[in-house]
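Let me begin by presenting the structure, written as structure tokens, before commenting on it.
Laboratory data are not the source of any read-out in this text; all were calculated from the coordinates shown. Just so you know, these numbers come straight off a predicted model, no measurement behind them. Glycine gets a Cβ as well: all are built from the backbone with ideal geometry, and neighbour counts include every protein chain shown.
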Amino acid sequence: MTAIQQLAEQVGFHSSYIDSYGNSVAANQDALKALLTAMNYNVECDDAILASVKQLSDSSWVSLLPAMQMVKSEQAVHSAWISVANADLNNTLQWLINFENGDTLTGQVAVSELEVLAQHNVDDTLYKKLAVVLPSLIEGYHSLTITLGNETASGHLIVAPQKCYSPNDAADYRMWGLAAQLYSVKSENSWGMGDFGDLKNLVKQSAKRGITAIGLNPLHPLYPNNPAHISPYSPTSRCFLNTLYIDVTSVANFKSCKPAQALVQSKDFIEQVAQANDQEFIDYPHAAHLKFQALELLYKDFVANHLPKSTEFAKQYLDFVTQMGDDLFELATFDTLYEHFRKIDEHAYGWKAWPVEFQDPHSVAVEQFKQDNVERIGYFQFLQFIADSQLGEAAQQAKSDDMPVGLYLDLAVGCDGSGAEVWADKHSYVSGAAVGAPPDAMNTLGQDWGLTPINPVALQEKGYMPLVKALRSNMRHAGALRIDHVLGLMRQYWVAPGMAADQGIYITFPLEDIFRIIALESRRNNCVVIGEDLGNVPDGFGDIMAAAGLLSYKVLFFERWENGLFFRPEVYSEQSMVTVSTHDLSTIAGWWTGNDLKWRQELNLYPNEQMGIDERNGRVTDRKQLLGALEFEGVLSKEKFPQTQPATMNSELSRAVQAFLAKAPSRILLVPLEDALGLKEQVNIPGTIDEHPNWRRRLPYTIAEFWQHQDMNNLVTVMNQERPKG
């Protein structure tokens, strides 16, 4: 084994992986070098590499206490481990636990009385790892300090449960919900895109029809000053919210603010809103222009008429700012800097394009900028406060209307490398590298998602706080949380800086610890967790997910036997969330009519012509197999079969597919609004950006109108028969 391979193994990189065709793919050595360099290892010569190997190998022995330890709350005995040199065995050890709530607990023990877990020689010194038995500990994020002689060390001590909050805890029946791309929803009150006011209305109307959950696209913040950056899966941060979703007309001081009223009642503004609402595709820069004009005026009114008088509105804002603390302040500072440098250079997309002195959030230049721009930073904090309040109102509406799950939110797999989260915490990220996926039948060149990966070593050193913050932020108003690409919590496919996506390498993540963190936050927030486990799933991963209480993510199109026959509903696991399709796949109408294959052909997404031919021929068989499954299950009779040559969709097929899935024991069923309304165009086509209107399609009906749609009425009827509330 070469020196570089030894270091890669220590860091956690895989030497090979099995691809989707069953072939073993060896790690590209140049990619390994580039990734290790990005992680700040010196790989210029073997001596430097081997020094890093030794340092990593010895570190857990020569350190008195590791940076982080996980205690399994369900175990009868709680303990932590330490490492001591043989010469210290006759000393007495003092320990101190600082609990999350501020309480402390102390104790001492003779080192010689501790159980020896393992031993190892480092540079002719014998070290022993010993178990320190602790009192029974409450769940939470604590710290442990050990003093032994003249040495004192501290580390994170996390006490966490094994299992997440269960859908059985939320309701004792099989639930169903609607999945909405929030930006696509529209109403008479919309300003060019869906907003939190529309969401509250959707919740209210859905609850009347027995619907128990509203699934949403990621609501993470993007870039207020660059509204053309629209992918919800490429956020500036996974904490806080996209302020473009603010319903301006519901802001507390909207009606009393005369400048805002003058603006929105002007002829030009009314015409612009009408124009924005009439478009098939969302013009995000136009919607942002409309909203931020008004929000600027509302903030000025807030500063002039609410903060000085300590109104209730002002108190709520100040409470939010205090509660969100430094994380909110850093995001608002980033947004202010982003705006500032875009005025100087419109192509300055992110912190990497700023002057060097502004690339460090704690530099002298940034500290001075904060002092000089207090009010503007306050503006971006105000926007987050409004967004959080409005999402909270929608969540409260769901609770008031007795929706057991309510809002079902979505956590993206990572952050855009040019954004606020990476800027504020570079040590935790591997700048230059990207998270992606290896080649498969759909993406033969692999995928580079452009998301900066988090460093698993740094994640542990920080007591998993970057992950904890993301979970807390997204569970804050959610009854369920979908974790995108949950496989990435066990291993991630990293694309090296400057290299192609098919040269990526897998790296191991501390899955067991991470699942316990998720379980702890899930239980604290009474939030069901769904792991999106599509793709090349390693053997045993499903069992690990189930043991941690996460629901598997089951998609009709993929749930089939090797011969292509569709699984019967009873085959689905009870511990799963089931759906016909996802945002990255065709709608059922698009799939049936071959609209997805037409797009792939037009966009040249097939690596060769034969693959396109094979897919089109295969779809003919797929249709027959789906009809066979629906007929066998008794949800569609032959006389109501839709036309197959050429394939035409009918409402009976739309109804039957959902009735088929509704029979599954899966605890949650989610129906995309696009399927509920019989639409054929899909939300997003992976591998495209501007070639297809990804993330820009608006629904052709308002919320008020789509409840009158035949397919929607059929859906509600079927679900209330198969999955009645209560």
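With 32 Å as the limit on Cα-Cα distance, the pairs of K554/K640; K163/K352; K399/K638; K309/K426; K204/K598; K72/K315 that go past it are K163/K352; K399/K638; K309/K426; K204/K598; K72/K315. In the stretch 586-659 the Cα-Cα distances spread across 10 Å bins starting at 0 as 19, 49, 23, 9 percent of all pairs. Computed over the stretch 55-211, the P(r) curve from all C-alpha pair distances, binned at 10 Å from the origin, holds 9, 27, 19, 11, 13, 13, 7, 1 percent per bin. Extending 7 Å from the Cα toward the beta-carbon at both Q5 and Y173 defines two label points whose distance is 6.0 nm. Pairs from the list K343/K370; K54/K462; K255/K300 with a Cα-Cα gap above 20 Å: K54/K462.
Summed over qualifying helices (DSSP H, 4 residues or more, each -39500 (n - 2.57)) and divided by its residue number, the chain shows a 222 nm mean residue ellipticity of -12000 deg cm²/dmol.
Think of the chain as having a plus end and a minus end, set by charges on the Cβ of Lys, Arg, Asp and Glu; of T644, F380, T717, T717 sits farthest toward the positive end of this dipole.
Between K315 and E562, full extension at 0.36 nm per residue minus the direct alpha carbon distance yields a gain of 82.9 nm. Just to confirm my numbers, what's the Cα centroid distance between the stretch 531-555 and the stretch 485-528 in Å? Result: 12 Å between the Cα centres. Near T648, once Lys and Arg are set to +1 and Asp and Glu to -1 for all other residues with Cβ below 12 Å from its Cβ, the sum equals +1.
Dipole magnitude for the chain: about 1940 debye, using +1 per Lys or Arg Cβ and -1 per Asp or Glu Cβ, origin at the Cα centre.
Excluding I703 itself, calculate the net charge of residues whose Cβ lies under 10 Å from the Cβ of I703, where each Lys or Arg counts +1 and each Asp or Glu counts -1.
Here the count lands on -1.
The distance separating the Cα centre of the stretch 612-670 from that of the stretch 267-281 comes to 39 Å. Computed on the stretch 573-725, with alpha-carbon pairs under 8 angstrom and 6+ residues apart, the relative contact order is 35 percent. A straight line joining the Cα centroids of the stretch 393-433 and the stretch 1-76 runs 29 Å. Hey, how much of the P(r) for the stretch 243-393 falls beyond 22 Å, as a percent of Cα pairs? Considering the stretch 243-393, 48 percent of its Cα-Cα pairs are separated by more than 22 Å. Available extension along the chain between A353 and D19 is 116.6 nm, counting 0.36 nm per residue and deducting the alpha carbon span. Here the stretch 130-243 is treated with +1 on each Lys and Arg Cβ and -1 on each Asp and Glu Cβ, and its dipole about the Cα centre works out to around 440 debye. The angle between the Cα long axis of helix 46-62 and the main principal axis of the chain comes to about 80°, on a 0 to 90 degree scale.
Calculate how many DSSP beta bridges within the chain are antiparallel, expressed in % of all such bridges and rounded to the nearest 5. If I count the DSSP bridges inside the chain, around 65 percent turn out antiparallel. With each label modelled as a point 7 angstrom along the Cα→C-beta vector, the S651-A51 pair spans 7.5 nm. Were the residues from Q29 through E296 laid out at 0.36 nm apart, the gain over their Cα-Cα distance would be 90.9 nm.
For chymotrypsin sites (Phe, Trp or Tyr not before Pro), the sites in the stretch 1-109 that DSSP calls loop and that have at most 15 other Cβ atoms within 10 Å are Y21. Each listed q (0.12, 0.16, 0.17, 0.19 Å⁻¹) maps to a log10 I(q)/I(0) for the stretch 75-160, found by the Debye formula over equal Cα scatterers with no solvent: -0.37, -0.64, -0.71, -0.87. The angle separating the long axis of helix 651-662 from the principal Cα axis of greatest extent in the chain is about 30 degrees. Using C-alpha pairs under 8 Å with a sequence gap of at least 6, the mean separation divided by the residue count of the stretch 150-211 gives a relative contact order of 23 percent. When only Cα pairs under 8 Å and 6 or more residues apart are kept, what is the percent relative contact order across the stretch 243-393? Once normalised by length, the contact order is 27 percent. Rounding to the nearest 10 and keeping the result within 0 to 90°, find how far the Cα-based axis of helix 29-38 lies from the longest principal axis of the chain. Helix 29-38 sits roughly 80 degrees off the main axis of the chain. Placing dummy labels 7 Å off each Cα toward the beta-carbon, the span from N617 to V109 is 6.8 nm. In the stretch 302-383 the Cα-Cα distances spread across 10 Å bins starting at 0 as 17, 44, 26, 12, 0 percent of all pairs.
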